[in-house]
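Worksheet for the structure shown next.
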């Protein structure tokens, strides 16, 4: 099945790239990175409810996937490789 993410093989590949990029920005602090993506997902979800025609729902989905990736990585499961 073809991915809806043209540059990536799966949503977890995109989540891995987003997580790693933000982790570098936050000086390799995994907990801050996970908190950032959880906050971003909540913020974008609220925005999506206010303005359904926006791309906020897609951004919320990406942020949620990145947070899920980080949490699973902390417990030893790399979703991008599974």
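Matching residues to (1) touching a helix residue (DSSP H, G or I) at 6+ places or on another chain (Cβ under 6 Å); (2) modelled with pLDDT under 95; (3) closer than 21 Å to residue 73 by Cα:
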{"residue": "15", "(1), (2), (3)": "yes, yes, yes"}
{"residue": "27", "(1), (2), (3)": "no, yes, yes"}
{"residue": "35", "(1), (2), (3)": "no, no, yes"}
{"residue": "40", "(1), (2), (3)": "yes, no, yes"}
If residue 66 satisfies every condition in (1) farther than 12 Å from residue 12 by Cα; (2) buried (at least 18 other Cβ atoms within 10 Å of the Cβ); (3) under 15 Å from the mean Cα position of the chain (by Cα) but one, which is the exception?
-> (1)
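Sort out which residues of the stretch 4-13 are closer than 15 Å to residue 81 by Cα and touching a helix residue (DSSP H, G or I) at 6+ places or on another chain (Cβ under 7 Å), and write them in order of number. Walk me through it before giving the result.
Step one: filter the stretch 4-13 for residues closer than 15 Å to residue 81 by Cα, giving 8-13.
The answer is 8, 11, 12.
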Scan the stretch 24-39 and report the pairs whose first residue is more than 16 Å from residue 65 (Cα to Cα) and whose second residue is assigned to a helix (DSSP H, G or I), with Cβ atoms within less than 6 Å and a gap of 6+ or a chain change.
-> 26/32; 26/33
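The values are calculated or read from the model by the stated rules, or taken from the named source; none is laboratory data. Given the structure is predicted, the values throughout are model-derived calculations rather than measurements. Quick reminder, even Gly has a Cβ in these numbers, built from the backbone with ideal geometry, and neighbours come from all protein chains shown.
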